[in-house]
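Colleague: Structure in structure tokens, see below.
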Amino acid sequence: MSPLLDVQGLTKRFGGLTANANIAFDVNEGEIVGIIGPNGAGKSTLFDLITGFQSPNAGRALLDGRDITGLRPDRIGRLGLARTFQKLKPFVDLTVTENVMVGALAHTPVLKTAREQALESLAFVDLLDKRNHFARELSTGQRKRLELARALAMSPRLILMDEVTGGVDQRSVAGLVALVRELKQRGVTIVMIEHNMQVIMRLADRILALHAGRRIAFGAPDEVRSDAAVVDAYLGTIDHAA
Amino acid sequence: MSRELILQAIISGLLMGLIYALVAVGLTLIFGLMEIVNFAHGEFLMLAMFMAFWFWALAGLDPLVSLPFVVVLLAVAGILAHFGIIRRLLKAPMLAQVCGTFGLGVALRAAAQFLWTPDFRTVTNPAIAGRVQIGSIFIGQPQLITGGVCLLSFAALWWFVTRTETGLGLQATAQDRQAAAVMGIPTERMFALGWAIGMGCVGIAGTMLSTFYYIFPDVGTNFALLAFVAVALGGFGSIAGSLLAGLLIGLVESLGGLLLDPSYKTLIVFALYLAVVIFRPQGLFGRF
Amino acid sequence: MLKSALAENLWPRPPLWVGAFGAAALALLLAYPFIFTTPFAHHLMILILLYALMAQSWNVVAGFSGQISLGQAIFFGIGAYSSTVLFAKYGITPWAGLMVGMLLSALAAVAIGVPTLRLRGHYFAIATLLIGSSVQIVFQRWDWVGAASGLYVPIERASPWFYLQFHTSKVPYYYLALGAVAAGYFAVWKLRRSRLGFRLQAMRDDPDAAASLGIAIARHKVLAFMISAAMMSVAGTFYAQYVLVLDPERLFSAEISIIVLLMTVLGGSGTLWGPALGAAILVPLSEYSRIWFGGTGRTIDLILYGILILLVCMWRPSGILSLLEERIRRRAEIP
């Protein structure tokens, strides 16, 4: 079976700096692929390349066999690829419900339906109690969940999550992990950039390790964790993930 | 179209361009530092021109003599503007920043019209007057001296920003204010300094303009528009960019007025802006 | 909780007093010309209504969609000139001229918008300033439309409703203006909570996130610009028929572009009634300062406008209405 997302040799250069060099990996339907790497490894740039926010200098990305390289972000969104952003981007002057409705409106023109889907999405991330508040009133953890709910309301086939547990307290991390597991149960394919090793080792089916813009490992968590290059790059960080 | 006429247009265009450049550099400095566009910039220029005028009309001081006073007054005005107004606006969304400085400009322009009437004023016997003749080209002395003063100002500014510690602090804050703050460079003070210098430049430009240009409440609007074009053309935040862009605009305006209809010369400059911003958004030397 | 949330009304109900206030205001507006019978009172209200429409036009492109246009006067002028030229040169009724004006303005919005809307905020604002100035210069040199002397709308005393000119009383103008404002505000009321409206507001709040959710940004920016241009054009046609004289200096002036911005920001950008509130405050301010201070009144009101806007932007950038909105919400104890 062909992969849902197939990334072939994506490369991005900014002047003299190569942010991504020949990155290749694939994501099968229904699995969770984690992306790890030290700061500056090029993870967010990779997301930008896949979702059309930046155009690559070389390489391609295929979504379910269809070439999406260089397409505009909104086009890619409509094809079923959703993403969250590391730097949270809520629609501050809209209510929480309205925020998520914008996601639902991507595939349904009917407001009532969009609202129902939005509320379901909010229930899923446990943000229903804030549904009539303006997005600007939410805490960071709540904004993370809002971002997720909004992306999920698109009913995407594939969702790219950028640092979903970043800046969130321990208790909430457990909640988010449960959410991601539940998502997988529902058949959503997930690619997640994560710094939290414990989280990623537990959740991911396969892990892509980046370092200085290059792929240094790609495979099952156990393989990656013991890969020499990865250990090198992390200087023992992986040992803490038990 | 004689060669003399074209040469004449080129020279007067370049000289005028130096003024545009000096007005623009204040705008670009402020934007480079704090990413706010001062839509009241033209009105500050107008104030400088009026200050020079009143120093002359009431105290008999020639603009060349009152120059340092006007510069200091404008610098102070800039600092006051920053602490009183801009500091608050920085926290507001961009819409509020645009509208806020716009409102300030509207109020200043109307106040000038209220206090001093819309009449055109001139400084009628400045110390520098008359024309200089080089070959068959005539250049007004005030314009020539103004050009020289502008160039000197640019040189001084360049030296300050690249060779002094404070100047480097300005550059650091412009590039990454958090990193600069961590290294002990006080952001607030740098912002205030940026405003002081920016307005000081406007003070110089305004005073020199008063030696040969009409002075009236709306005079700042057109200069401001051209300054915006210069800043976009040269690159938001680039001093060298402002200089080159200003010169280019002066040139285009002057030659355009000569070769086409004089009333269309502003249109040509605007077309230039659109062309630059569409095809090269970062301008000549802009950062992003 | 989901079940109860689903069962809730789609949109929060405004408190009772708002409904009562609205009904009273509506009654007052409908009966206004007969309560206040002087021509000046009529003129004042007509101006307020006209500006309320124009300010709403800016609200659509900036308050709801986030594109700060400083050149709305362009479309005002196009509206005024379209209907007048068609009438003066070809005898076509201004009603048709109104439609043509709207079409031409929408086309102009596309022509201007496509190359410039891709620019970032400040650049776009400056571009609209420059284009506005350029259009003014062009019309001041264009002989076919009267160049700097402008145009006169030919006087017709018969069939006032066909020719859209009323010479015995301003009252018909009042109701026309009221009708235009009602139509415009109704359209925006519908827009605000529609699929398009939410997408525009999303685009305003965060274009990147909006794009990732399937919203074609460039297309939506141009669309907002077109709607706003059409609204401005209606105001322009109305104004031409009201004053019967077209002066390019005034019609395309930056002052108009600025004032509609000031009104909306003051009243509350991004709200439905903000523009109307701003107009209701600033127009009387302007007219009365002209009366009290005579000739210099023209500048006093601008000084006040400018300072008012500056203060609003410094302390309450979301405008006066947001203060009210917050009070209401706090009282309603939103769950």
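The values are calculated or read from the model by the stated rules, or taken from the named source; none is laboratory data. All values derive from a computational prediction rather than experimental measurement. Every residue, glycine among them, receives a Cβ derived from its backbone with ideal geometry; neighbour counts consider all protein chains shown.
Colleague: When you go through (1) assigned by TED's automatic domain parsing to the domain that holds A:SER44; (2) crowded, with 19+ Cβ neighbours inside 10 Å; (3) farther than 22 Å from C:ALA211 by Cβ one by one for A:ILE76, which number turns out not to apply?
Modeller: (3)
Colleague: Quickly run through the stretch A:105-118 and pick out the residues that are farther than 14 Å from A:GLU147 by Cα and either at the interface with chain C (Cβ under 7 Å from one of its Cβ atoms) or assigned to a helix (DSSP H, G or I) (or both).
Modeller: Hits for the stretch A:105-118 are A:LEU105, A:ALA106, A:PRO109, A:LEU111, A:LYS112, A:THR113, A:ALA114, A:ARG115, A:GLU116, A:GLN117.
Colleague: For C:PHE186, are the conditions met, namely being within 30 Å of B:VAL269 (Cα to Cα) and in a helix (DSSP H, G or I)?
Modeller: When the stated conditions are applied, C:PHE186 does not pass them.
Colleague: Another question about this same structure. Only one residue in B:GLU253, B:GLU165 is within 14 Å of chain C (Cβ to nearest Cβ) and of a type in the set (Asp, Glu). Which one?
Modeller: Criteria check complete, one pass: B:GLU253.
Colleague: On to the next question. Which condition number does B:TYR213 fail, the rest of (1) more than 14 Å from chain C (Cβ to nearest Cβ); (2) without any contact (Cβ under 8 Å) to a residue 24 or more places away in the chain; (3) aromatic (Phe, Trp, Tyr) being met?
Modeller: (2)
Colleague: Can you give me the ranges of the helices (runs of 4 or more DSSP H) entirely in the stretch C:1-75 with at least 1 residues that are within 19 Å of the chain's Cα centre (by Cα) and over 28 Å from C:ARG204 (Cβ atoms)?
Modeller: Where helices (runs of 4 or more DSSP H) fall fully within the stretch C:1-75 and carry at least 1 residues being within 19 Å of the chain's Cα centre (by Cα) and over 28 Å from C:ARG204 (Cβ atoms), they are C:16-35, C:39-58.
Colleague: Somewhere in the stretch A:104-123, is a residue β-branched (Val, Ile, Thr) and in contact (Cβ under 8 Å) with a residue 12 or more places away in the chain?
Modeller: No, the stretch A:104-123 contains no residue that is β-branched (Val, Ile, Thr) and in contact (Cβ under 8 Å) with a residue 12 or more places away in the chain.
Colleague: Given the criterion over 23 Å from B:ALA77 (Cα atoms) and out of contact with any strand residue (DSSP E or B) (no Cβ under 7 Å at 6 or more places or on another chain), identify the matching residue among B:ALA129, B:ALA96.
Modeller: Of B:ALA129, B:ALA96, the one residue that is over 23 Å from B:ALA77 (Cα atoms) and out of contact with any strand residue (DSSP E or B) (no Cβ under 7 Å at 6 or more places or on another chain) is B:ALA129.
Colleague: In addition: Could you check the stretch A:130-141 and list, in sequence order, the residues that are more than 7 Å from chain C (Cβ to nearest Cβ) and surrounded by fewer than 22 Cβ atoms within 10 Å (Cβ to Cβ)?
Modeller: If the condition is that a residue be more than 7 Å from chain C (Cβ to nearest Cβ) and surrounded by fewer than 22 Cβ atoms within 10 Å (Cβ to Cβ), then A:LYS130, A:PHE134, A:ARG136, A:GLU137, A:LEU138, A:SER139, A:THR140, A:GLY141 are the ones that fit.
Colleague: Shifting gears a bit: Working only within the stretch B:106-125, note down all residues that are away from chain C (no Cβ under 14 Å) and either closer than 18 Å to B:ASN222 by Cβ or surrounded by 20 or more Cβ atoms within 10 Å (Cβ to Cβ) (or both).
Modeller: Answer for the stretch B:106-125, where residues must be away from chain C (no Cβ under 14 Å) and either closer than 18 Å to B:ASN222 by Cβ or surrounded by 20 or more Cβ atoms within 10 Å (Cβ to Cβ) (or both): B:PHE120, B:ARG121, B:THR122, B:VAL123.
Colleague: Right, something else. Could you say which residue among B:ARG131, B:ARG109, B:ARG121, B:ARG87 is in contact (Cβ under 8 Å) with a residue 12 or more places away in the chain and more than 28 Å from C:LEU262 (Cα to Cα)?
Modeller: B:ARG121
Colleague: Among the residues of the stretch C:205-216 satisfying the criterion of being surrounded by fewer than 24 Cβ atoms within 10 Å (Cβ to Cβ) and assigned to a helix (DSSP H, G or I), which is farthest from the other protein chains (Cβ to nearest Cβ)?
Modeller: It comes out as C:PRO207.
Colleague: Run A:VAL102 past the list (1) more than 9 Å from chain C (Cβ to nearest Cβ); (2) under 19 Å from the mean Cα position of the chain (by Cα) and report the number of the one that doesn't hold.
Modeller: (1)
Residue by residue, here is whether (1) without any contact (Cβ under 8 Å) to a residue 24 or more places away in the chain; (2) within 14 Å of another protein chain (Cβ to nearest Cβ) holds:
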| residue | (1), (2) |
| --- | --- |
| C:ALA111 | yes, yes |
| C:LEU117 | no, yes |
| C:TRP142 | yes, yes |
| C:GLY146 | no, no |
| C:PHE166 | yes, no |
| C:TYR173 | no, no |
| C:TYR185 | no, no |
| C:GLY197 | no, yes |
| C:LEU200 | no, yes |
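Colleague: Run down C:GLU325, C:GLU249, C:GLU287 and say which single residue is closer than 19 Å to B:ALA107 by Cα, more than 9 Å from chain B (Cβ to nearest Cβ), of a type in the set (Asp, Glu) and in a helix (DSSP H, G or I).
Modeller: So the residue among C:GLU325, C:GLU249, C:GLU287 that is closer than 19 Å to B:ALA107 by Cα, more than 9 Å from chain B (Cβ to nearest Cβ), of a type in the set (Asp, Glu) and in a helix (DSSP H, G or I) is C:GLU287.
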